[in-house]
1. Hey, which of these cross-link pairs are over 27 Å Cα-Cα: A:172/A:295; A:246/A:295; A:196/A:352; A:172/A:196; A:43/A:163?
2. For segment A:143-219, what does the accessible surface come to per residue with a 1.4 Å probe? Please give it in Å².
3. Report, as an integer, the average count of C-beta atoms from other chains found within 10 Å of each Cβ along B:35-41.
4. Taking only DSSP H segments of four or more residues, each worth -39500 (n - 2.57), what value at 222 nm results for chain B once the sum is divided by all its residues, to the nearest 500 deg cm²/dmol?
5. Loop only by DSSP, 16 or fewer other Cβ within 10 Å of the Cβ. Give me the trypsin sites (Lys or Arg not before Pro) in segment A:145-178 that pass, ordered by residue number.
6. Take peptide B:64-73, look around each residue's Cβ out to 10 angstrom, count Cβ atoms belonging to other protein chains, and average those counts.
7. Fully extended, how many nm does the chain gain between residue A:62 and residue A:6 (0.36 nm per residue separation, minus their Cα-Cα distance)?
8. Among A:48, A:156, A:288, whose Cα projects farthest towards the positive end of the dipole of segment A:6-375, with charges put on the beta-carbon of Lys, Arg (+1) and Asp, Glu (-1)?
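The values are calculated or read from the model by the stated rules, or taken from the named source; none is laboratory data. Note that the structure is a prediction, hence the values are computed from the model and not measured. Cβ atoms come from the backbone with ideal geometry, glycine included; neighbour counts cover every protein chain shown. In case anyone asks, the SASA skips ligands and DNA or RNA and just uses the protein heavy atoms, side chains included. Shrake-Rupley method; radii C 1.70, N 1.55, O 1.52, S 1.80 Å.
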Amino acid sequence: MESFSLILAIVVVTALAFDFTNGFHDTANAMATTISTGALKPKVAVAMSAALNLVGAFLSVEVANTISKGLVDEAGIRPEVIFAALVGAILWNLLTWLVGLPSSSSHALMGGLIGATIASAGVGAVHGDVLVTKVLLPAVAAPIVAGVAAMFATRLTYSFGKKAEGSKASEKGYRAGQIASAGLVSLAHGTNDAQKTMGIITLALVAGGAVAPDSDPPVWVILSAGLAIALGTYLGGWRIIRTMGKGLTDLQPQQGFAAQTSAATVILASSHLGFSLSTTHSVSGSVMGAGLGRKGGVVRWSTATRMFVAWGLTLPAAALVGAIAEWVTGFGSWGTGLVAAFLVASSAAIWKISRREVVDHTNVNEPEPEEPAGVVTTAVAAVAPPPTAGAVSEDLTATIAAPVTEPAPSPAPAASPATTV
Amino acid sequence: MKIDWAALGSVFGVSLVVTVALVALFTLGIAGLARRERAAEQGGSAAAAVTGAYACFAACAAAVGYGIYLIVA
């Protein structure tokens with residue numbers, strides 16, 4: 001730790017900030033179904049998920065080592081590139097949180113890295129085919145795989161459990177089942193995502209010459225990364241939890257159980273069989289599958305469409321911010337300072353905007369201000385960008401004045417960070 | 001560009017089978033316990049159903065244990 005330059009310190013702090021947003025963003029993956037079906041009280045659910053994330057962070061350093069050893073040529077990477085990548089990823093995570101859309105933190109990070117690498121080493125440094133096989137294809141496959149499994153599981157649990165319906169055993173049983181599967185997802189998340197950050201910090205430390213190449217993450221890195229992700233998880237991205245647990249479909253305990261079991265299975269099977277699928281994509285898919293599997297269940301495709309759009313934008317948006325950030329840091333120390341100041345300022349701005357309509361553990365289970373199927377209310381537009389311009393403008397003219405000013409602010413910040421750097 | 005269709009296919013197959021099997025077992029377990037509840041109301045017992053139910057839950061617990069093993073290993 002002796003040769004700890006300023007840029008290295010900035011990278012470490014930024015990486016921990018990313019880790020925090022990562023936990024924050026992904027609480028929904030583990031706990032949205034558990035919270036929305038009432039299996040656990042919101043605060044209890046996030047506390048449990050945070051604890052399991054922390055435990056998961058200490059279980060192994062394998063994922064961290066694949067990132068910090070050999071994946072990237074350590075000699076060629078500068079701390080500034082990592083910093084720029086993290087800036088892109090953090091901003092995208094915060095923006096998607098603001099509009100309450102689940103999106104993959106890993107994709108945001110990859111996008112940031114790709115953008116920063118392009119800016120520093122040219123387009124040739126990115127492998128297009130790796131992009132397709134490791135990023136695009138999994139993003140399409142994950143929700144389908146998890147969704148189909150959850151749909152069949154939901155059908156089955158409803159038909160097998162018909163006689164048990166309404167009994168005490170069924171109520172307690174589905175509750176326990178959901179908690180167990182949500183716990184597995186949390187633990188898997190801790191081992192995966194906390195370690196990604198550890199890997200990145202270690203990579204930066206190696207790149208900055210603070211630790212020897214090929215070393216395991218130092219203990220303080222493991223500890224701080226674990227704590228950052230646990231804290232983020234505990235504070236909870238309530239907006240995203242609401243979208244996943246209530247926005248996509250209405251979940252009953254049976255469906256929550258089927259969805260969470262399918263998600264846990266897909267996540268574990270995919271990482272074990274060598275075709276890694278994103279946690280976020282799997283859980284979203286399984287929630288929709290569970291929605292389709294119940295008779296009379298409805299998936300709100302307008303919300304789902306917004307989510308898919310966000311998935312598609314994750315990589316390019318984070319890459320763009322990462323590239324611009326890398327370009328600015330290229331001007332020297334003041335450039336790096338400028339990017340850091342911009343990151344802090346825009347994070348503060350996003351938080352400020354979020355206070356206009358607070359979503360927390362008290363109202364996370366209130367349905368999104370949206371009537372079931374078909375009725376598009378203007379209130380939805382206040383929470384997130386409209387699915388289609390046409391549908392909402394019709395509604396605006398129908399309901400007149402008052403809410404019209406509301407929708408404007410939320411899409412606006414989405415544009416600003418990308419363009420004003 | 002080489003897409004590992006075999007890996008994707010096996011992820012799909014394994015996920016589908018495991019999820020459906022686990023949910024089926026768990027639901028059967030719940031149904032078994034519910035039968036005991038009904039039997040108790042009528043003053044009877046349903047020993048076979050309860051034994052089956054616990055067997056189902058044990059299988060599910062084993063699956064969770066294997067999941068934790070996969071995470072840790």
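1. Working: A:172/A:295 22 Å; A:246/A:295 17 Å; A:196/A:352 29 Å; A:172/A:196 36 Å; A:43/A:163 33 Å.
Over 27 Å apart, Cα to Cα: A:196/A:352; A:172/A:196; A:43/A:163.
2. On the way: 2830 Å² over 77 residues.
Computed with neighbouring chains in place, this is 37 Å² per residue.
3. Values: counts 4, 2, 5, 4, 0, 0, 0.
That works out to 2 on average.
4. On the way: 2 runs with 63 residues, N = 73.
Taking each H run of at least 4 residues, the total per residue is -31500 deg cm²/dmol.
5. Working: sites: A:155, A:162, A:163, A:168, A:172, A:175; in loops: A:162, A:163.
Those satisfying the criteria are A:162, A:163.
6. On the way: counts 7, 0, 1, 13, 6, 1, 8, 14, 5, 4.
Per residue, the average neighbour count from other chains is 6.
7. Numbers: separation 56, 0.36 × 56 = 20.16 nm, distance 2.83 nm.
Length gained, residue A:62 through residue A:6: 17.3 nm.
8. Of A:48, A:156, A:288, it is A:156.
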